[in-house]
Amino acid sequence: MMRIAIGPKITLNELRGTKRDIYEVLYRMKISVDANFEQIKTDIRAIKGVSIVSAVPKSKEEGATFEHITYRIKFVPYKTALKDFLYNLEVSFRELNKYGLITFSRVSTPAKKES
């Protein structure tokens with residue numbers, strides 16, 4: 001059996017010794033009850049720099065036509081200023097209205113979690 005190695009054997013987080021700062025922020029979202037919740041979470045995860053999207057336990061409030069849910073979002077801003085990253089993140093959120101996202105608001109200050 002022949003083994004072929006492609007590229008150096010390093011994990012993505014060890015990319016040439018660069019340091020990765022991981023931040024966490026909470027967003028409160030108002031979503032239509034007939035929305036595709038999984039598609040919304042998947043599209044948020046697809047935003048460059050976002051690594052984890054999870055609902056905060058017991059944060060869900062149901063209404064007749066919408067639900068309020070708080071999402072915990074972990075991200076790595078890479079070489080983007082934090083305020084610019086958050087601006088770009090929120091611009092991307094606005095595009096999720098086609099999946100049932102009605103409104104959103106940031107409910108916490110981004111906090112550095114790991115590096």
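Looking only at residues in the range 28-70 that are under 27 Å from residue 83 (Cα atoms), in contact with a Ser or Thr (Cβ under 8 Å, 6 or more places away or on another chain) and among the hydroxyl-bearing types (Ser, Thr, Tyr), which one is modelled with the highest pLDDT?
The residue in question is 70.
Run down 103, 109 and say which single residue is exposed (fewer than 13 other Cβ atoms within 10 Å of the Cβ) and among the β-branched types (Val, Ile, Thr).
109
Does the range 11-27 contain any residue that is over 15 Å from the mean Cα position of the chain (by Cα) and either part of a strand (DSSP E or B) or modelled with pLDDT of 95 or more (or both)?
No - not one qualifying residue is present in the range 11-27.
The values are calculated or read from the model by the stated rules, or taken from the named source; none is laboratory data. This is a predicted model, so every value here is computed, not measured. Using ideal geometry, Cβ is built from the backbone for each residue, glycine included, and neighbour counts are taken over all protein chains shown.
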